Amino acid sequence: MPDIKKIRQAMIEERISEEIISKINFTDPGGNDPLPVIAIINQMDSMLSHEQCLSVMEKQGCCKSGQRDKECKKFGKQNIGRSLNEKIELLSSIQYMGTPKLNEDGTITTGIFWFQDGVYNCACPSIKKLKKPVSVTSTYCGCCAGHFLYHYQNALQLKLKLKEIKSSPISTNGSKPCDFIFEVIQML
């Protein structure tokens, strides 16, 4: 789940005006209730450009440490010298790294295609707590994209930017999966 303090900090880093930041209620009630975070993201959607929202949300992301982090960094070191296409084909062998694909235009698409009981499901533990059906802006899913962005940068040895949240189960009532597109900014 996106962190309220990290959202505010990302807005400062993205040079969002203090006037706009001051209009958003960043009060953190604590706990794992996604509703205050959803309220902030709804405010972002109404006050920021789409690109600004993506830039703020790509800085979020869960599970950026521990075993996944170690495995992705190890993968990056072990695969130096391989082409980007080769690395992407191998990357899905790491647990929880989605289904990455190198597109013809050089972007990378990935997502979570968790289909159960006739619908696509959200992997976010906090969203799972909400009563179904759930309808939340796809901007929220930038947090999940931030997870992939962080680990893909380490595994693929490059700098990425979230280009698009193509679809999301929580903004489509489960009719579409999580699907993200990343732009390669720099090869490292």
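The values are calculated or read from the model by the stated rules, or taken from the named source; none is laboratory data. All figures in this text were calculated on a predicted structure; none of them were measured in a lab. Cβ atoms come from the backbone with ideal geometry, glycine included; neighbour counts cover every protein chain shown.
Filter segment 156-172 for residues that are assigned to a helix (DSSP H, G or I) and touching a Pro at 6+ places or on another chain (Cβ under 9 Å); which is nearest to E14 (Cα to Cα)? That would be L156. For T139, state whether it is of a type in the set (S, T, Y), surrounded by 13 or more Cβ atoms within 10 Å (Cβ to Cβ) and either modelled with pLDDT of 95 or more or assigned by TED's automatic domain parsing to the domain that holds I12 (or both). For T139, the condition - of a type in the set (S, T, Y), surrounded by 13 or more Cβ atoms within 10 Å (Cβ to Cβ) and either modelled with pLDDT of 95 or more or assigned by TED's automatic domain parsing to the domain that holds I12 (or both) - is met.
Taken together, the residues in segment 52-68 that are within 16 Å of L162 (Cα to Cα) and either among the aliphatic types (A, V, I, L, M) or loosely packed, with under 12 Cβ neighbours inside 10 Å (or both) amount to 3. Identify, please: which residue in segment 94-119 is outside any loop (DSSP other than H, G, I, E, B) and at pLDDT 95 or above and is, among those, surrounded by the most Cβ atoms within 10 Å (Cβ to Cβ)? Residue satisfying both the conditions and the ranking: I108.
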